Amino acid sequence: MATEDPRLQELRERIERLDGLIAGRDDGSRGLGVRLALGIALEIQEGKAPGTDTGSLVADWTARFGAETVDDAVAQARALLADPARMAVELQARMNPPNPEADRA
């Protein structure tokens, strides 16, 4: 039985975590661009055409948040995918926000 590539597993876990953060926020539209970029990256890594899975996600977001918000998310995702180093920095910042309490200790 073949084991899954750890990078794909980590990407899926990050997507799940970001989905939870987006769902749990009052301003749920924040983070959509990063989420979309990660979803497209996963599709590419799995050998799927971009939009295979994320197309339905974008359609759902359009119904929930409106076209303007989704257009902004798509633009952000494009920018992140065009510059993977920036995507890594952005993801790190969103997944591990600064902790002012820890800085005081």
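Count of segment 38-82 residues, restricted to those that are without any contact (Cβ under 8 Å) to a residue 24 or more places away in the chain, over 17 Å from Ile22 (Cβ atoms) and crowded, with 17+ Cβ neighbours inside 10 Å, is 1.
So, Leu18, is that one surrounded by 13 or more Cβ atoms within 10 Å (Cβ to Cβ), outside any loop (DSSP other than H, G, I, E, B) and modelled with pLDDT under 90 or not? Don't jump to the end; show me each part of the working.
Working: surrounded by 13 or more Cβ atoms within 10 Å (Cβ to Cβ): yes; outside any loop (DSSP other than H, G, I, E, B): yes; modelled with pLDDT under 90: yes.
Taking the combined requirement at face value, the residue satisfies it.
Can you find a residue in segment 58-81 that is in contact with a Gly (Cβ under 9 Å, 6 or more places away or on another chain), among the charged types (D, E, K, R) and in a loop (DSSP other than H, G, I, E, B)? No, that holds for no residue.
With respect to the conditions (1) among the aliphatic types (A, V, I, L, M); (2) within 18 Å of Glu90 (Cα to Cα); (3) part of a loop (DSSP other than H, G, I, E, B), Val34 lacks only one, and its number is (3).
The values are calculated or read from the model by the stated rules, or taken from the named source; none is laboratory data. This one's a predicted model, so the numbers in the text were calculated from it and none came from an experiment. Counting neighbours? That spans all protein chains shown, and the Cβs are built from the backbone with ideal geometry, glycine included.
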